[in-house]
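Here's the structure, in structure tokens; my notes come after.
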Amino acid sequence: FMKKACFYAICDEFLSKVPLKERKGKEEGAIVRILDWISRHYTEDISLKEVAGVFGYEYHYLSRLFNKTYDISFNQLVNGYRVEKATELLQETDLPITEIVSQSGFQSIRNFNLVFKATVGKNPKDMRK
């Protein structure tokens, strides 16, 4: 999980500093556009079905594409962005955890705690200390 967390952090930093250019390959171009969109919308309640509609792809095609390209699901990818943002807020602010949950895109504290612990290996309160 730590490797995935590091990967998400690197992707987030990369996407925030480097303008993305579409590659020639159909799948590569799709992934780049979708990752860029996710990096701008991960705080919202998004789903793979919604992304498929936005980009005009079939839901099952995108699901296979994410699994083939990153060996993780769409939800794991989005939650990685969310955990990265939450970690940043936990370490750099004194915001209440309920506010961090909201700002990082999680829909409930319970889900936030489960995903955070599974990804980082620590509880959010422990990360703050």
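The values are calculated or read from the model by the stated rules, or taken from the named source; none is laboratory data. These numbers come from a predicted model, not from an experiment. Neighbour counts are summed over all protein chains in view; Cβ atoms, including those assigned to glycine, are modelled from backbone coordinates with ideal geometry. Just so you know, the surface numbers come from the protein's heavy atoms only, side chains and all, with ligands and any DNA or RNA stripped out. Shrake-Rupley method; radii C 1.70, N 1.55, O 1.52, S 1.80 Å.
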Condition broken by ALA52, with the remaining ones in (1) under 18 Å from ALA9 (Cα atoms); (2) modelled with pLDDT of 90 or more; (3) open to solvent by less than 20 Å² (accessible area, probe 1.4 Å) satisfied: (1)
Boolean, SER47 is touching a Ser or Thr at 6+ places or on another chain (Cβ under 9 Å) and not aliphatic (A, V, I, L, M): no
Given (1) touching a residue at least 40 places away in the same chain (Cβ under 8 Å); (2) farther than 19 Å from LYS3 by Cβ, number of the condition TYR61 does not satisfy: (1)
From the options LEU77, LEU62, LEU48, residue that is of a type outside the set (Phe, Trp, Tyr), under 16 Å from the mean Cα position of the chain (by Cα) and farther than 25 Å from VAL101 by Cα: LEU62
Residues located in the range 14-38, provided they are at pLDDT 75 or above and either among the acidic types (Asp, Glu) or within 24 Å of LYS122 (Cβ to Cβ) (or both): ASP36
Filter pass, GLY121 being in contact (Cβ under 8 Å) with a residue 40 or more places away in the chain and among the small types (Gly, Ala, Ser): yes
Tally of residues being among the aromatic types (Phe, Trp, Tyr), part of a helix (DSSP H, G or I) and within 21 Å of ALA86 (Cα to Cα) across the range 27-61: 1
